[in-house]
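Worksheet: one structure, shown below.
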Amino acid sequence: MSSIPDPETDLPAEQDRGDVVLAAGCFWCVEAVFQALAGVTDVTSGYAGGDAETANYQAVCTGRTGHAEVIRVRYDPAVVSFGTLLKVFFGVAHDPTQLNRQGNDLGPQYRSAVFVADDQQRQVAEAYIAQLDRSGVFGAPIATRIESLTAFHEAEAYHQDFAINNPSQPYVCMVAQPKLDKLARQFPDQLAGD
């Protein structure tokens, strides 16, 4: 994959709500990527795209609830833009060309999706996907869906800060750490300080 371009369209800081919900496979590793970014004030793992009654890990893992594993990213638009977060989402957090999977994680709960909260987010996300497809940067069509955010359901407490709290866990070592390394290489100026 060649270098991923900056979005041609972005939200002006004064129009940016500072909150986005993203699905990019297992939330443990996606959470770790966004927690490392400057301007991100909070990352919460959860579920979106299904009903409240089945918004729990055991049910979502069946792949039959309509949910995706997601993260809710809260951020300061004066420090990091919506477009920059999308660039990290597409370029580092996951492979957006995989349909209903990420690596060995299979099922619609691992789909790639941007859960938009308003028309402005939708327009920027759709424009960026079209731009990336035109650029051919991925060598395959982007499978990411744009879905309306109807509700965000916070995941169980043990899923929160998972990579931070479990740095030696094999999945974290094999999946999250390479993404963090890639983030440091591709976005050194976007990393949060210690």
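The values are calculated or read from the model by the stated rules, or taken from the named source; none is laboratory data. Here the structure is a predicted model, which is why all the values come from computation and not from measurement. Cβ sites come from the backbone with ideal geometry, for glycine too, and all protein chains shown count toward neighbours.
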task = Could you list, in sequence order, all residues of segment 68-85 that are surrounded by fewer than 24 Cβ atoms within 10 Å (Cβ to Cβ) and under 17 Å from D161 (Cα atoms)?
result = R72, R74
inquiry  = For segment 93-123, give me each residue that is buried (at least 22 other Cβ atoms within 10 Å of the Cβ) and under 19 Å from R74 (Cβ atoms).
reply    = A93, A113, V114, F115, Q121
ask   = Within segment 117-139, is even one residue modelled with pLDDT of 95 or more, over 26 Å from P5 (Cα atoms) and not acidic (D, E)?
value = no
Test: A59 is more than 15 Å from the chain's Cα centre (by Cα), at pLDDT 95 or above and surrounded by fewer than 24 Cβ atoms within 10 Å (Cβ to Cβ) = yes
ask   = Within the bounds of segment 145-161, is there any residue that is part of a strand (DSSP E or B), surrounded by 16 or more Cβ atoms within 10 Å (Cβ to Cβ) and hydrophobic (A, V, I, L, M, F, W, C)?
value = yes
task = Considering every residue within segment 183-194, establish whether at least one is surrounded by 12 or more Cβ atoms within 10 Å (Cβ to Cβ) and among the charged types (D, E, K, R).
result = no
